[in-house]
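Before any comments, here is the structure.
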Amino acid sequence: MLTDILFFFFAGIAIFCGIMVVTRRNPVASALWLIGTFFALAAIYTLIGAFFIGVIQILVYAGAIMVLFLFVIMLLNLGNDYQPDLRSRAWMITAGGSGLVLLAILGRVFAADTTAPLGRLTGPEAVATQVAEYGAVGAIARPMYTDYMIVLQVTGLLLLVAVVGAVMLAKRRV
Amino acid sequence: MMLQAETVHQVGELSATGFVVASTIKILAAFSLVMVTVAMLTLLERKISAWMQDRLGPNRVGPGGLLQPAADGLKNILKEETNPAESHRIFFNLAPMLSIIPALVTFAVIPFAAPLPTQWGLVEMVIADVPVGVLFLLAFSSLGVYGIVIAGWSSSNKYALLGGLRAGAQMISYEIALGLSLLSVFFLVGNVRLTEVVTMQQELGLWFALPLAASFILFWISVFAETNRLPFDLPEAESELVTGYHTEYSSMKFSMFFIAEYAHVLTASALMATLFLGGWDIPGWAGDNIRVIGDGTVVGGEPAWWITLLTFLAFLLKTAFFILVFMVVRWTVPRFRYDQVMDLGWKIMLPVALAVVVITAGTILTLDELGVEYGLVYGLILTVVNLAMLAAFLLILDRGRVLAGTGSLTEKRREAQEKARLRRREEAMTTSTGSTAD
C-alpha cells in the first residue's frame, strides 16, 4: 500500500519534471529539471528493490553525464538561435514518432501473455531473491559477465568507436 | 565462514516503533554532531594555520577562542545580503542549497560504532545500512559539484564561471581514479555494504590500508581533489579568481558553501577511516568483532554499551587523523597549476589506478585459486604486492623530487645548464667556421 503511494508520488514527480524539461526556454533550467526526472526514476528503481540500478542512475546520469551537459550549455551560452530548429516540421514529426514508438513498447509490456524480457524472471520478488543470494551488485554482475559477455564486449567496442569519433571531431586538423 | 564457529548472542530485534524511534534519535544526534563538528573544524583550521605560522589564532571569543564559530555564524546571519543585478536569481539562491545537502546526506550510510544492545532490542550504529552503501556515498558526493557549477554560472561573473568550470572538470577527472581505487576494496569485501567492509577488515586481522596500500594512497589523493582542498583548490584560487565560484555570495549563503566544504571534509575522512582504517574496529582486540546477522542476532563478541562507546571513540580518532592531515597539507603545500591538475588526473592517476586494479585483482585471484585462507597470511601477501606497487608509483611520480631530495634536482639543473652552454658554444663554433670558409 505504502509502496503504491510512493510509486505514484515519484511517478508524478517524474512526469512533472519531464514536462518542465521540454517546456522551459532556458536550457540550464531544462537540464536541472532533467536531473529531477533522474532522481524520481532512481527512487522508483529503489522501490522495486533494484538498489544498484537506482544508485547507478544517480551516479552516472545525474552525477557525471548531466554535469557534462551543463558544461556544454554554459560554455556555448546558447542564445535564442535554437528556437527555429525546435519548431521546424521535421523535428515535430521526429518527436511525435518517438513518442508513438515508446507508447507501443509500453503497450506491449502491459498487454497480457508477454514473455519475460531476455527470458529472465523480473519483478520485486525475483529481484529480492537475487539480491539476497548474490548481493546488490552481484545480482547484476552475474548475468552481465556470464550470459551476456559478448553483448557487453560489443557495447564496449561501440563506446570506444564513439570516443574515437569525438576525438576526430574535436581535432579537425590532425 | 570463520566466524560461524564462534559464539552466537541473541539480543532481540527492534519492533517497528522501536526502529522508528531509534532512527529518529540517531538522525538527530548525527546531524547535530556533524554540524557542531563542522563549526569546530573552522576554528581548528584557523588554530592549525596559526600554529604552523607561529601565530596565536582566534583567542578572543570565549575560553581560548572556542566560541569563535558562533560569533562567525552570528555575524554572517546579520550581514547584509547582496544580490548581483545580472545574476539568474533562482539558480543563484538554489546553488548554496545544492551544495550543502549532498555534503550532509552522505553521512547517513557510515557505520560509526559497534551495535548497541538495549532492553528493546539491538540498535545498529548506522543511520541507513543500505546494501549499496559506498555507491550511495559516491553518487551523492558527486552531486556536490552542481552547487559549485551553478553558483559559478548564475553569478554572471567571469571569475565565478571559471571557478565553477574548474570545479566541474576537476571533480569529473578525479572521480575516475577514486572509483577505480575503490574497486580493490570491493574485490576483498565482495560487497558494497559499509558494515561488511568493517567486518571483513576485522576478519582479515589487518586494516585495508596495508593490504591495499596502493589503492589507499590513490584514493587519498583523489579525495583531496574531490573536496577541493589545497593543493587542489583551483575552483576558489584566491590569487587568480578572487574567490572563484562564491565571489558574488555574501552573508549566510557564502557561509553555506563553507559549511558544505567542511562537511565534505568530515564525511570524506570518516569514509576513509571506514574503508581503509577498519572503521570502528579497535586494533589488537577481538572483543569488538561483532557481526550482525539479522533478527537481532550477533556472532563474535558480546555487544555491550561500553564496547559501543569505545568503538565510537576509535572511529572518532581515526576520522580526526584524516582531518588533521587535510589541514596540515593545506598549510604546507602550494596550489597546483591548472594544467598540472589535469596532467596528474589523466596521465598519472588514471593509468596507475588501472594498473593497480589489474594487479590487485590478479593477486586476489591467484590467492583464491591456490586456496590460501582469508586471514593474516592472505593479507600479508597482498601487503607485499601493494607496497611494491606503491613504491613504483611514488618513484614514477616523484622523479627524484622528494625522495631523492631537492639537492638532486639542483644537480640535474646544473648539468642541463652545462650541456646547454656546451651546445651553444659548439653552434657558435660551427657558424663562425662556416663564415670563415666562405
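The values are calculated or read from the model by the stated rules, or taken from the named source; none is laboratory data. Just so it is clear, the structure is predicted and the values come from calculations on it, not from any experiment. Cβ placement follows ideal geometry from the backbone for every residue including glycine, while neighbour counts extend to all protein chains displayed.
Being in contact (Cβ under 8 Å) with a residue 24 or more places away in the chain and hydrophobic (A, V, I, L, M, F, W, C) is the filter here; which residues of the stretch B:157-171 pass it?
Pass one, the stretch B:157-171, residues in contact (Cβ under 8 Å) with a residue 24 or more places away in the chain: B:157, B:159-160, B:162-164, B:166-167, B:169-171.
B:Ala160, B:Leu162, B:Ala167, B:Ala169, B:Met171 - these are the residues of the stretch B:157-171 that are in contact (Cβ under 8 Å) with a residue 24 or more places away in the chain and hydrophobic (A, V, I, L, M, F, W, C).
One residue is enough: does the stretch B:310-323 have a residue meeting the conditions under 19 Å from B:Ala108 (Cα atoms), in contact with a Phe, Trp or Tyr (Cβ under 8 Å, 6 or more places away or on another chain) and of a type in the set (Ser, Thr, Tyr)?
yes
Take the residues of the stretch A:66-90 that are more than 10 Å from every other protein chain (Cβ to nearest Cβ) and modelled with pLDDT of 80 or more: which is nearest to the chain's Cα centre (by Cα)?
Kept after step one, since they are more than 10 Å from every other protein chain (Cβ to nearest Cβ), are these residues of the stretch A:66-90: A:69, A:72, A:76, A:78-90.
Now drop any that are not modelled with pLDDT of 80 or more, which leaves A:69, A:89-90.
Details: A:Phe69: 14, A:Arg89: 26, A:Ala90: 24 Å.
Filtering first and then ranking leaves A:Phe69.
Can you spot a residue in the stretch B:191-203 that is basic (Lys, Arg), touching a Gly at 6+ places or on another chain (Cβ under 9 Å) and either surrounded by fewer than 24 Cβ atoms within 10 Å (Cβ to Cβ) or assigned to a loop (DSSP other than H, G, I, E, B) (or both)?
Initial filter on the stretch B:191-203 (basic (Lys, Arg)): B:193.
Then drop every residue that is not touching a Gly at 6+ places or on another chain (Cβ under 9 Å), which leaves B:193.
Those still in the list that are either surrounded by fewer than 24 Cβ atoms within 10 Å (Cβ to Cβ) or assigned to a loop (DSSP other than H, G, I, E, B) (or both) too: B:193.
Yes, because at least one residue in the stretch B:191-203 is basic (Lys, Arg), touching a Gly at 6+ places or on another chain (Cβ under 9 Å) and either surrounded by fewer than 24 Cβ atoms within 10 Å (Cβ to Cβ) or assigned to a loop (DSSP other than H, G, I, E, B) (or both).
Just give me the residues in the stretch B:290-344 being at pLDDT 80 or above and small (Gly, Ala, Ser), in sequence order.
Of everything in the stretch B:290-344, those that are at pLDDT 80 or above and small (Gly, Ala, Ser) turn out to be B:Ala314, B:Ala320.
Since B:Phe187 meets every condition but one in (1) more than 12 Å from every other protein chain (Cβ to nearest Cβ); (2) over 30 Å from B:Ser239 (Cβ atoms), which condition does it not meet?
The one condition B:Phe187 does not meet is (1).
Name, by its number, the condition in (1) within 12 Å of chain A (Cβ to nearest Cβ); (2) modelled with pLDDT of 85 or more; (3) within 29 Å of B:Thr319 (Cβ to Cβ); (4) surrounded by fewer than 24 Cβ atoms within 10 Å (Cβ to Cβ) that does not hold for B:Met97.
(1)
Could you tell me how many of the residues in the stretch A:13-43 are more than 15 Å from the chain's Cα centre (by Cα) and more than 10 Å from every other protein chain (Cβ to nearest Cβ)?
Counting residues in the stretch A:13-43 that are more than 15 Å from the chain's Cα centre (by Cα) and more than 10 Å from every other protein chain (Cβ to nearest Cβ) gives 10.
Kindly indicate whether any position in the stretch B:213-230 is among the hydrophobic types (A, V, I, L, M, F, W, C), surrounded by fewer than 24 Cβ atoms within 10 Å (Cβ to Cβ) and outside any helix (DSSP H, G or I).
Scanning the stretch B:213-230, I find at least one residue that is among the hydrophobic types (A, V, I, L, M, F, W, C), surrounded by fewer than 24 Cβ atoms within 10 Å (Cβ to Cβ) and outside any helix (DSSP H, G or I), so the answer is yes.
Take the residues of the stretch B:231-246 that are of a type outside the set (A, V, I, L, M) and surrounded by fewer than 21 Cβ atoms within 10 Å (Cβ to Cβ): which is modelled with the highest pLDDT? Walk me through it before giving the result.
To start, the set of residues in the stretch B:231-246 that are of a type outside the set (A, V, I, L, M) comprises B:231-233, B:235-236, B:238-240, B:243-246.
Retained after the next criterion (residues that are surrounded by fewer than 21 Cβ atoms within 10 Å (Cβ to Cβ)): B:231, B:238-240, B:243.
On the way: B:Pro231: 82, B:Glu238: 74, B:Ser239: 76, B:Glu240: 78, B:Thr243: 78.
Out of the qualifying residues, it is B:Pro231.
Which one of these does B:Arg337 not meet: (1) touching a helix residue (DSSP H, G or I) at 6+ places or on another chain (Cβ under 9 Å); (2) surrounded by 15 or more Cβ atoms within 10 Å (Cβ to Cβ); (3) on the phi < 0 side of the Ramachandran plot?
(2) is the only condition that B:Arg337 fails.
Taking the options B:Ala151, B:Ala169, name whichever one is facing another protein chain (nearest Cβ under 9 Å) and small (Gly, Ala, Ser). Give the derivation first.
Values: B:Ala151 fails: facing another protein chain (nearest Cβ under 9 Å).
None of the other options fit; the residue is B:Ala169.
Residues of the stretch A:133-168 being within 12 Å of chain B (Cβ to nearest Cβ) and exposed (fewer than 11 other Cβ atoms within 10 Å of the Cβ), which ones?
Step one: filter the stretch A:133-168 for residues within 12 Å of chain B (Cβ to nearest Cβ), giving A:134-141.
Within the stretch A:133-168, no residue meets the criteria.
Quick check on the stretch B:56-107: of everything there that is among the hydroxyl-bearing types (Ser, Thr, Tyr) and part of a helix (DSSP H, G or I), which residue is farthest from B:Ala260 (Cα to Cα)?
In the first step, residues of the stretch B:56-107 are kept if they are among the hydroxyl-bearing types (Ser, Thr, Tyr); the result is B:82, B:87, B:99, B:106.
Now restrict to residues that are part of a helix (DSSP H, G or I): B:99, B:106.
Details: B:Ser99: 6, B:Thr106: 11 Å.
Here the answer is B:Thr106.
Sort through B:Val197, B:Val130 and tell me the only one that's among the hydrophobic types (A, V, I, L, M, F, W, C) and more than 11 Å from chain A (Cβ to nearest Cβ). Even if it seems obvious, please write down each step before you answer.
Details: B:Val130 fails: more than 11 Å from chain A (Cβ to nearest Cβ).
Being among the hydrophobic types (A, V, I, L, M, F, W, C) and more than 11 Å from chain A (Cβ to nearest Cβ) holds for just one of B:Val197, B:Val130, which is B:Val197.
Do we find that A:Thr46 is at negative phi, within 11 Å of chain B (Cβ to nearest Cβ), part of a helix (DSSP H, G or I) and hydroxyl-bearing (Ser, Thr, Tyr) in this structure? Talk me through it step by step, then tell me what you get.
Working: at negative phi: yes; within 11 Å of chain B (Cβ to nearest Cβ): yes; part of a helix (DSSP H, G or I): yes; hydroxyl-bearing (Ser, Thr, Tyr): yes.
When the stated conditions are applied, A:Thr46 passes them.
Looking at the stretch B:354-386 only, could you name the residues that are farther than 16 Å from B:Leu204 by Cβ and assigned to a helix (DSSP H, G or I)?
We begin by selecting, within the stretch B:354-386, every residue farther than 16 Å from B:Leu204 by Cβ; these are B:354-359, B:361-362, B:365-366, B:369-371.
Once the filter is applied, which keeps residues that are farther than 16 Å from B:Leu204 by Cβ and assigned to a helix (DSSP H, G or I), the stretch B:354-386 yields B:Leu354, B:Ala355, B:Val356, B:Val357, B:Val358, B:Ile359, B:Ala361, B:Gly362, B:Leu365, B:Thr366, B:Glu369, B:Leu370.
State which residue is nearest to B:Gly278 (Cα to Cα) when the search covers only the stretch B:177-224 and only residues that are touching a residue at least 60 places away in the same chain (Cβ under 8 Å) and among the charged types (D, E, K, R).
This residue is B:Glu203.
Within the stretch A:145-174, count every residue that is assigned to a helix (DSSP H, G or I) and over 23 Å from the mean Cα position of the chain (by Cα). Give the steps one after another, and end with the answer.
Going through the stretch A:145-174, the residues assigned to a helix (DSSP H, G or I) turn out to be A:145, A:149-170.
If we keep only those that are over 23 Å from the mean Cα position of the chain (by Cα) as well, we get A:164, A:167-170.
Qualifying residue count, the stretch A:145-174: 5.
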